[in-house]
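What follows is a short report on a single structure.
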Amino acid sequence: GDGGGSDSADDPIVVGISLPLTGDFSEPGKGVQEGYEAWAKITNDKGGLLGRQIELKILDDQSNADRVVADYEQLIGSDKVDLVVGPFSTRLVVPSARVAEEYGMLFVEPAGAAKEVFEQGFKNLFYAAPAVANDHYNHLADYLLALPADQKPKTVAYAAMDDPFAQGTAYGLKAKLEAAGIRTVVDEVYPPNTTDFSSIAAKIASSKADMLVGGSQYQDGVNLIVALQQLNYQPKLAAFSGAPTNPEFASAIGNKTEGVLSPTGYSPDAPYESNKEFVEKFKAQFGKEPEEDQANAYTTGQVVAAAVTAAGCAEQGDCQQKLVDWVHGNKVETVVGPLSWDAAGKPQGAHMIQQWQGGSIKIVLPEPVKEAGFLYPKPAW
Amino acid sequence: MLLAAAVLSFPSLAPNPYILSAGIVVLNYAVLSTSWNFVGGFTGYISLGHGALAGLGGYGTALLVTKAGLPSFVALAVAALLVALLAVPIGLAALRVRGASFVIVSIALVLILLLVFQSWASFTGGSRGLVVPRPFPGLLRPEHHRVFFYLFAALLALALLVWWVIDRSRFGLGLKAVREDEDKAEALGTPTFAYKLIVFVISAGFTALAGGLYALWFGDLDPVFQFSILTGSYLVLMALLGGVRNLFGPLAGALIVGVALEYFKGQFGNTPLHLVATGLLLGLVVMFMPDGVLPAIGSLFRRFGKSEQSSIREVTAAELQEERKREEVKQ
Amino acid sequence: MSLETKDVRKAFGGVVALDGATVKFREGQVNALIGPNGSGKTTFFNCVTGMIRADSGQITYAGQDITRKAPHAIARAGVGRTFQLCRVFPRMSALDNVLAAVRPGGLLGGLRGARHRAEVDRARGWLTRLGIEHLIDVEARNMSWGQQKLLELAGVLMGEPATVLLDEPAGGVNPALLDRIGTLVRELNAEGRTFVIVEHNMDLVMSISDHIVVFDRGRPIAEGPPSLIRTDERVLGAYLGV
Amino acid sequence: MASEIELVDVQAGYGRAAPVLRGFSVAVPAGSVVCLVGPNGAGKSTVLKVASGLLKPRSGRILVGGEDVTGLGPQKMLAAGVALVLQGHSVFREMTVAENVLLGAYTLKDKSKLAARTAFVKELFPVVAERWNALAGLLSGGQQKQVEFARSLMVDPKVVLLDEPSMGLDPKATSIIFDQVVRMRDAGTAVLLVEQNARRALETADTGCVLDLGRVHISGPAAELLADPQLGELYLGGRPAEPPVAPKH
Amino acid sequence: MPSGGLLFQSIILGLLLGGLYALLAAGLTLYFGIMRVVMIAHSAFLILAAYLAWWSHERLGVDPLLSMIVTVPLFFGAGVLLQRMLLSRLRPITLTMMSVLLTFAIALIIEGLLGYAFTGTQRRIQLGYGSASFGLFGARIAVVKLIAFGLAVVALAALYLLMKKTTFGWALRATIQHRDAARLVGIDTEKVAGYGFGLGLATAAIGGTALSLDTTIYPSLHWHWIGPLMAIIVVGGLGSVPGAAAAAVLLGLMQSLLQIPMGTTWAQTIFYLALFATLAFRPQGFFGGRLAQRF
Ligand SMILES: Nc1ncnc2c1ncn2[C@@H]1O[C@H](COP(=O)(O)OP(=O)(O)OP(=O)(O)O)[C@@H](O)[C@H]1O
Ligand SMILES: Nc1ncnc2c1ncn2[C@@H]1O[C@H](COP(=O)(O)OP(=O)(O)OP(=O)(O)O)[C@@H](O)[C@H]1O
Ligand SMILES: CC(C)C[C@H](N)C(=O)O
Ligand SMILES: [Mg+2]
Ligand SMILES: [Mg+2]
């Protein structure tokens, strides 16, 4: 973009993004990139926003919090982009949101799910997904607590990555189960770079817990499951955040997936109107079905687009406040359903629960959207 | 002089706040690598762990602001003092060993602090990170940058001044003797351990100041980035690249590496090849300019001058004796 | 300043390097310490200067117990030494090598400029007296063996120690120069400095020393003036080997 | 008789600095000892480094047994029959005396000779036998020199270059070394000896050669040099003591 | 108080882990103790080998163990080249320090290239026998862990014999201790030093393959390994292969047992605590010896 002032009709709208294309978060980071690219292409194919084409300017922050700040600094201060949207992962969202905030920019983000994001007093931030991390398992908790007393799991083992998002999911569930008197027998936290899970697995296995809850991103979940399989541990229920929704999950754990649970904010089969278009065009563009990360990025784009269309402007300066105000006051229809936010930018929905059954992952909770019945206890893996 | 003028006029010349913030990052690197050079340059103890000291400064400042409610800059000073104090036991342990063992200890320092700051979440915020309140809450971001630019410049000037004073002093000569041969220095009456410890503490203090100032400017702390070997090694790279025996070596190195990192990022933005480029740069320096850029330039100029002198005497023993005899007669 | 040791023992594993060495060096004299290879002379120096810690025994200097003092403290008390496998600061010029021996007094003394005019002159003086003034700007690692040996000696003398311990000052030094070093030692001794010299060059030892201590297997077996030592049978048997 | 080793008009130096050897020539016939003396820093060690292949000469030639071997490295030189014992200390410090001595026979093809030679050096230097399994770096200075010398005796080269072999040795060991030099000469070896123990060395040597400023200052039969009073004063250290060089500042 | 079963299981896991540590530390010991080179890039080479094993399994469908047929000689050659072309050109006085930086640079380059070739995604070999295990007195032993342990034992024994029993080992040590003197006894120092380095890297090839059997790999994983490995070689006594092996097994065992009461993160601190304890009480290491400075 060449200066925020000019918004002549043939000037593209430049959207600045920093993404972890290398480093720890590179894999989900690429998913997010695809989502943004899909959004730009689909929107542009339909004539763009306010009649202007969308142009993405993507920088790589190397999964590094220092870099992500420098990137947004550059995008806003030097490249003078018209809009910015968020990077991947809570760890990078928090510092980058501050830059946007201090330049007065609207900041919709696809991956700052942990509650910390909403405790910073940001006024311009919005998380474009149905629920924050702590609420991901709400439907599962409801289901378990409604079981008859003799079927309810009595003991649970928790293992969570030391990461705001992963811990948020596991501990959200833990708080609810503990409150209902379900005992915690193992509570392990491991650093993000852990690769050897045999000791944690040994602890879990020896506790013989009825249920296992893993607060995982992806690979850590896989490693934990393999280590548990090596020790021949067979829980009645196993739930993991992140990992099981990944396309490579099944083969990674030797296809012994039957019964594994996972929360998700997105399903390609969801009935929302824009989702059909998204899935179809995404497939055409990338030759595969979109995943949660792609969908979240796409959702982010949808929210921004809605605000821009409503406010009738897209540039730095006063326009940004108009956009922020609009998002605060309105509900947006997205590929993950209708979204609205509280004052801190926290979405107000809940995640669905999926379960691996017969070699594919199906939505089992909540009742109204389920694709299959809940399998409990889960078969041996 | 020229340099000072260039640094001071930078904020008004910087075309946009981003360039200014990049300038701050480079200045921060310059302060850090100059601080590193107190230990690395004088005593030859290569520490890959200075990133940890900066991290401690940052976390110290942040915790003093958030937990103890101290005003930002008081917290900064107190944190730097605390880190300097903490450097005494660290130095007592680490400086006992030389050479490669010291390198390993310094790496261990980073890793152990990383583990502590990650695990001790109730105090440090763990991997959730820690948010540092803004010292000047009312300030707009460009203004904020400008203020911090001058603060970093002042800190750099102070660090350079102290380095210069030590460099030309007897204390400095003693430190250099430690670098060359510690036992010999000791035998000549240099209290080598005390010297090393003092300079380590000074270095730690400056490093912590830089780290704390950075925390105040940046606002977010994450243990993974505060306690990283990579940061520590960038400092070494910069100091080495510029020339560790040179007052302005680390500064020059910070400029070159800082700009190079930006450039590589621009060139190879979407691939990890920027790591390769950094690695190659470091490798080239080690192989071809082990004394640094500034000395390399210096010797280039000298080579255009006269050729190196032989250390061999130019007079025969007989002539020498004649000469001596004459001198004796004179006396 | 008299240097005395009482029953000093030092064993390295099974090897007893010092076996109850009780020695008294005369103040204000040129003392020599001789003995066959491996008789413990260097170990003795190392214990006296604190570079290694004796297993037992006591070392006193000028009436002060220095047995457990740090090497630099002993050096500051006035004991300077050279090393047998000579040690210089390889990447420092001859001038800096010598200047490094200047001991700053106190903290502020440490901040004084290292190249103080008077000291540079003094350093140059020492280099000249040892015949290596032409090397003043040469880095020590680029010097020949003998040049390094002389440089080390210059450095130690620059520190103006009251007692000078020299470990084989003649090793590898040109004989013509050696005569001058001998003269130098006598002159400095006349100024009041005490010397303890470990040396295998008997001509030098006999010509410059007032008092000789002979070591064998970690303890003194004889001592006295050169005239006496030259004819002592134990010495002839253990050391001179005639 | 043809010289076993000959250096012809050698120029050599370190790095980019001005040359240390400025047209130096020497020849050592088989079965003779040539002794090189000269002030510190005259270039004696440099001569030996060039002759052994450690330092490549800038110009000039090196002949061994009449063959031009200029520019060969130390390994090839050893194969050609030239061995050097370095000045200062060059034991392998963190290896045992045994390993040090046996490494001396690294190039020995005929391993059957090993036992005999080991026994020989053990007898020659008792300390080698006594401390056979001790780390060499822990020996005293003189003991290390003895181990080094013992190491060099494990092979029998045609040319032996010795750089101050007696430095740091007690009188007994010094005598052993000089005896050994004589034995080598008698066995037909060419010995190029650098010594600061100049009078003793010249007494053993056939030819003396005074090096100064990187050139041959004077050379001739050892006995003649010894007798020259002026040379004595300048290079060999004279009995008559000089008047004190009084620094009165 | 943990149950007896958990304790026994943890001891087994600790021993298996310690064996792997021992192998991974062996190469470091070689460069560091014998050649005075601080080889920061060793763990980067480990990861590289692990990637090659992964790649041959993933793309060529061969068992990762077979990849060693190629990687071991390849790494040996790479080590020789590395030594000849780079490390041997460093000045001897500053070798230790400069080698830190040079090998650091190499580590960055390897990490970058791995990231370029395979992306930053975490990878894991999916083996048919990946989760197979058998019981032993109530504990379970995973087959892959046992294979890795076996590799470690064989490689270490071979290395030890090579260093102690052959003249090559002697020549290598001599070369490092006094290069000129080594040349003068007829050792081809260039070649010997190169081979020594090659040997170290060959152990990295074996170690990396063993590693790849049962763990996730990603390009920056080597940073995670370098700390514990460095600690192991210091505790074991720089330069002593048996010392490093003993320290590795001991620390592996302690880490595994400490995880029961302390959790994963804190248990890792045992490496650094052991490191500091070693330096404070026995700087020459607890198992191997090293020459003290002589005057
Ligand atoms: N650090 C050490 N470890 C083991 N043994 C040692 C150590 N230092 C000295 N020794 C042994 O102690 C004895 C005395 O050695 P020292 O160096 O004192 O002898 P010296 O009298 O100086 O001999 P020289 O005339 O050869 O220099 C020798 O046998 C030596 O091997
Ligand atoms: N490695 C080196 N680099 C540069 N110059 C050197 C080096 N070694 C020696 N020199 C210089 O070369 C000259 C000759 O040195 P060399 O070692 O040959 O002398 P030398 O005659 O053996 O003296 P000494 O009797 O002291 O051993 C000296 O002036 C010395 O300063
Ligand atoms: C649901 C995910 C996209 C959230 C993300 N993993 C985070 O760390 O916050
Ligand atoms: Mg001695
Ligand atoms: Mg010499």
| query | Which peptide among B:38-49, E:261-272 comes first, and what is the full order, when sorted by highest mean count of other Cβ atoms within 10 Å? | reply | B:38-49, E:261-272
| message | Under 20 °C and 1.002 mPa s, how fast does the stretch B:7-330 diffuse according to Stokes-Einstein, given a Kirkwood radius computed over C-alpha pairs? Answer in µm²/s, whole number. | response | 101
| remark: For the protein assembly as shown, the charge dipole (Cβ of Lys, Arg +1; Cβ of Asp, Glu -1; about the Cα centre) points to a positive end, and the Cα of B:Leu158, D:Val64, B:Gly279 closest to that extreme belongs to D:Val64
| query | If r is the Cβ-Cβ distance from C:Arg124 to E:Val70 and R0 is 60 Å, what FRET efficiency results, to the nearest 0.05? | reply | 0.40
| field | Built amide H within the under 5 Å cut-off of D:Thr96, gap 5+ | value | D:Ala136
| task | Treating the Cα atoms of chain D as identical point scatterers in vacuum, please give the log10 of the normalised Debye intensity I(q)/I(0) at q = 0.07, 0.12, 0.16 Å⁻¹, two decimals. | result | -0.24, -0.71, -1.20
| query | Over all residues in A:221-228, what is the mean tally of Cβ atoms on other chains that come within 10 Å of each residue's Cβ? | reply | 3
| field | Virtual spin-label span in nm between E:Asp180 and E:Leu136, 7 Å along Cα→Cβ | value | 5.4
| remark: Listed by chain and number, the residues whose amide H is under 5 Å from that of E:Thr215, excluding neighbours fewer than 5 places away on the same chain and using placed H, are E:Ile125
| Which distance in Å, rounded to a whole number, links the C-alpha centroids of the stretch C:21-68 and the stretch B:114-137? | 57
| remark: Diffusion coefficient in µm²/s returned for chain C by Stokes-Einstein, Kirkwood Rh over C-alpha pairs, 4 °C and 1.567 mPa s, is 70
| said: Averaging the inverse of every distinct alpha carbon separation and then flipping it gives the Kirkwood radius. What is it for the stretch E:6-82, in angstrom units? | reply: 14.3
| message | Cut-off 10 angstrom, C-alpha nodes, Gaussian network model of chain B. Which of B:Val132, B:Val199, B:Val259 fluctuates the most? | response | B:Val259
| Across peptide C:36-46, what mean number of C-beta atoms from other chains lies inside 10 Å of a residue's C-beta? | 5
| Which FRET efficiency value, to the nearest 0.05, is calculated for C:Ser207 and D:Lys158 with the Förster distance at 41 angstrom and r the Cβ-Cβ distance? | 0.55
| Got a sec? Charge dipole of the stretch D:139-184, +1 on Cβ for Lys and Arg, -1 for Asp and Glu; which of D:Val155, D:Pro171, D:Leu139 is way out at the positive end? | D:Val155
| field | Nonlocal amide H pairs with C:Arg219, under 5 Å, H built at 1.01 Å | value | C:Asp19
| field | Geometric extent, Cα atoms of the stretch A:282-381 - Rg, Dmax (angstrom) | value | 18.2, 59
| remark: One point scatterer per Cα, no solvent, Debye formula: log10 I(q)/I(0) for the stretch A:1-132 at q = 0.11 Å⁻¹ comes out as -0.36
| request: Rank by packing, highest mean first: peptides C:2-13, A:298-309, with packing defined as the count of other Cβ atoms within 10 Å averaged across residues. | output: A:298-309, C:2-13
| remark: In this structure, among D:Lys122/E:Lys191; A:Lys152/A:Lys256; A:Lys283/A:Lys362; A:Lys30/E:Lys145; A:Lys41/A:Lys322; A:Lys123/A:Lys276, pairs with alpha-carbon gaps over 29 Å are D:Lys122/E:Lys191; A:Lys30/E:Lys145; A:Lys123/A:Lys276
| query | Which value, in Å to one decimal place, does the Kirkwood hydrodynamic radius take for the stretch D:48-114 when every pair of different Cα atoms is included? | reply | 13.6
| task | Would you calculate, for the protein assembly as shown, the mean residue ellipticity at 222 nm contributed by helices, counting each DSSP H stretch of 4 or more residues as -39,500 (n - 2.57) and dividing by all residues, to the nearest 500? | result | -16000 deg cm²/dmol
| request: Round to the nearest 0.05 the FRET efficiency obtained for A:Glu371 and A:Lys276 when R0 = 22 Å and r is the Cβ-Cβ distance. | output: 0.85
| Mind checking the mean number of beta-carbon atoms from other chains within 10 Å of the Cβ atoms in A:41-54? | 0
| query | Taking every eigenvalue of the Cα gyration tensor of the stretch E:94-185, multiplying by 5 and rooting it, what semi-axes result, largest first, whole Å? | reply | 38, 26, 10
| remark: Heads up, the protein assembly as shown by the C-alpha gyration tensor (a ≥ b ≥ c square roots of eigenvalues; a/c under 1.5 rounded, else a/b over b/c prolate, else oblate) looks prolate
| task | Evaluate the distance, in nm, between pseudo-label points positioned 7 Å from the Cα of C:Ala62 and of D:Arg215 along their respective Cα→Cβ axes. | result | 5.2
| query | Given charges of +1 on the Cβ of Lys and Arg and -1 on the Cβ of Asp and Glu, with all other atoms neutral, how large is the dipole of the stretch E:9-216 about its Cα centre, in debye to the nearest 20? | reply | 380
| said: Could you order the peptides B:206-213, D:204-211 from most to least packed, using the average number of other C-beta atoms within 10 Å per residue? | reply: B:206-213, D:204-211
| note | Counting all Cα-Cα pairs in the stretch A:141-298, those more than 25 Å apart amount in percent to 35
| field | Unpartnered cysteines - no second Cys beta carbon under 4.7 Å - across the protein assembly as shown | value | C:Cys47, C:Cys86, D:Cys35, D:Cys209
| said: Based on the alpha carbons, how large is the Rg to Rh ratio for chain E when Rh follows Kirkwood? | reply: 0.98
| query | Mind checking which of E:Leu201, E:Leu81, E:Leu60 has the largest fluctuation in a GNM of chain E, springs on alpha carbons under 10 Å? | reply | E:Leu60
| said: Let me check against my output: what whole-number percent is the relative contact order of the stretch E:9-216, with C-alpha pairs under 8 Å and at least 6 apart? | reply: 43
| request: Using Cα centres only, tell me the gap between the stretch D:157-217 and the stretch C:170-227 in whole Å. | output: 25
| What base-10 log of the normalised intensity I(q)/I(0) is obtained for chain A from the Debye formula, alpha carbons as equal point scatterers, at q = 0.06 Å⁻¹? | -0.23
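Every read-out reported here was derived from the displayed coordinates using simple, explicitly stated rules and does not represent laboratory data. Keep in mind that this is a model prediction, so the values were computed, not measured. Using ideal geometry, Cβ is built from the backbone for each residue, glycine included, and neighbour counts are taken over all protein chains shown.
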